[in-house]
Ligand code: BEZ
């Protein structure tokens, strides 16, 4: 069965462009984004890996590590990253797994043979400090992902983890948040002494907690 939200992210040991890693140990007590792309030396992947490198300082601020996966060997990744630097102006500054035996791809259900032979489709997993899966995304090979959206989801997940708020439709940093339904008004008073705006008993807005 496919991995689902709340499942423990499978652990693995793998060779990467930054040496061998043991996944859970490498994540440590922070968060992680694990994402697959179909193949090295392909155009959409080249743009995605460059953009992710540009976003890395934002993920660092949020204590989120980045790990890319493709079914090519690390020796190919080392050549390809130079093309990424040439075309995107930045070298990937996070490890890329060499998954030529498809171990990680199989563990995470990244190969969807009815869509794309034996290559990986574009998946994203956000994994929390408890090693549980918090988000999954699956995109077709031909569509580059919106990694700004992944960053937005991380912000939302971290707000929920820390402050018992959810985020409404199209929420962006600094926007109003929603008190989670599991917090009754009594408990909410203690958490949000500044009060909130009630539109319905189940729809209570608060300014974004700091
Ligand atoms: C790409 O990254 O450009 C790509 C890879 C596989 C199929 C289609 C596009």
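The values are calculated or read from the model by the stated rules, or taken from the named source; none is laboratory data. What you see is a predicted model, and the numbers here were worked out from it, not measured in a lab. Using ideal geometry, Cβ is built from the backbone for each residue, glycine included, and neighbour counts are taken over all protein chains shown.
Does any residue of segment 160-167 turn out to be within 30 Å of residue 44 (Cβ to Cβ), touching a strand residue (DSSP E or B) at 6+ places or on another chain (Cβ under 9 Å) and surrounded by 13 or more Cβ atoms within 10 Å (Cβ to Cβ)?
yes
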(message) Quick check on segment 120-129. Is at least one of its residues without any contact (Cβ under 8 Å) to a residue 60 or more places away in the chain and out of contact with any helix residue (DSSP H, G or I) (no Cβ under 6 Å at 6 or more places or on another chain)?
(response) no
(request) Please state which one of 115, 141 is modelled with pLDDT under 95 and in contact with a helix residue (DSSP H, G or I) (Cβ under 9 Å, 6 or more places away or on another chain). (result) 141
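Residue-by-condition table, conditions (1) surrounded by 15 or more Cβ atoms within 10 Å (Cβ to Cβ); (2) away from the ligand (no atom under 12 Å from the Cβ); (3) part of a strand (DSSP E or B):
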{"site": "94", "(1), (2), (3)": "yes, yes, no"}
{"site": "105", "(1), (2), (3)": "yes, yes, no"}
{"site": "109", "(1), (2), (3)": "yes, yes, no"}
{"site": "115", "(1), (2), (3)": "no, no, no"}
{"site": "135", "(1), (2), (3)": "yes, yes, yes"}
{"site": "145", "(1), (2), (3)": "yes, no, no"}
{"site": "148", "(1), (2), (3)": "no, yes, no"}
{"site": "151", "(1), (2), (3)": "yes, yes, no"}
(message) For segment 55-86, give me each residue that is assigned to a strand (DSSP E or B) and either away from the ligand (no atom under 16 Å from the Cβ) or free of Cβ contacts under 8 Å to residues at least 12 places away in the same chain (or both).
(response) 64, 65, 66, 67
(request) From (1) touching a helix residue (DSSP H, G or I) at 6+ places or on another chain (Cβ under 6 Å); (2) over 30 Å from residue 23 (Cβ atoms); (3) part of a strand (DSSP E or B), pick out the condition that doesn't hold for residue 178. (result) (1)
(message) Could you tell me how many of the residues in segment 196-210 are out of contact with any strand residue (DSSP E or B) (no Cβ under 8 Å at 6 or more places or on another chain) and assigned to a loop (DSSP other than H, G, I, E, B)?
(response) 3
(message) Condition first: away from the ligand (no atom under 16 Å from the Cβ), in a loop (DSSP other than H, G, I, E, B) and in contact with a strand residue (DSSP E or B) (Cβ under 9 Å, 6 or more places away or on another chain). Now tell me which residues in segment 5-54 satisfy that.
(response) 5, 6, 7, 9, 11, 12, 17, 18, 28, 30
(request) Identify the single condition in (1) in a loop (DSSP other than H, G, I, E, B); (2) farther than 25 Å from residue 128 by Cα that residue 189 does not satisfy, given that it satisfies every other one. (result) (1)
